[in-house]
Amino acid sequence: MLGKFWGKNVRIIDDEGVEWKGFVRSVETPADSEDNQWWLDVVNVNKPGFETGLIISESEIKKIEVV
């Protein structure tokens, strides 16, 4: 499901209503994750303190779109 966002600039709204923008550097599929979820590794994040990026799971994502 989230594999289509790999290599794209995205806008994410998380489950707490926080907006994130960045570039999806890598994707972990449910088959490869320990908790059977999609995981996104997002870099160039628009928030101070997240210079090294954001790793977010499918269950934490309320909305995601390519920008």
Taking r as the C-beta separation of residue 36 and residue 16 and R0 as 22 Å, the FRET efficiency to the nearest 0.05 is 0.45
Provide 2, 40 in ascending order of the number of other Cβ atoms located within 10 Å of each residue's Cβ, fewest first. 2, 40
Neighbour counts of other C-beta atoms within 10 Å: give me 38, 6 arranged from fewest to most. 6, 38
For region 2-66, compute the orientation-averaged projected area of the C-alpha convex hull (one quarter of its surface), in nm². 4.1
Neighbour cut-off at most 11 other Cβ (10 Å), DSSP loop, GluC sites (Glu not before Pro), region 1-43: 16, 34
Simple spin-label estimate for residue 8 and residue 62 in nanometres, 7 Å along Cα-Cβ: 2.0
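Every read-out reported here was derived from the displayed coordinates using simple, explicitly stated rules and does not represent laboratory data. Note that the structure is predicted; figures quoted are calculated from it, not measured. Neighbour counts run over all protein chains shown; Cβ positions are idealised from the backbone, glycine included.
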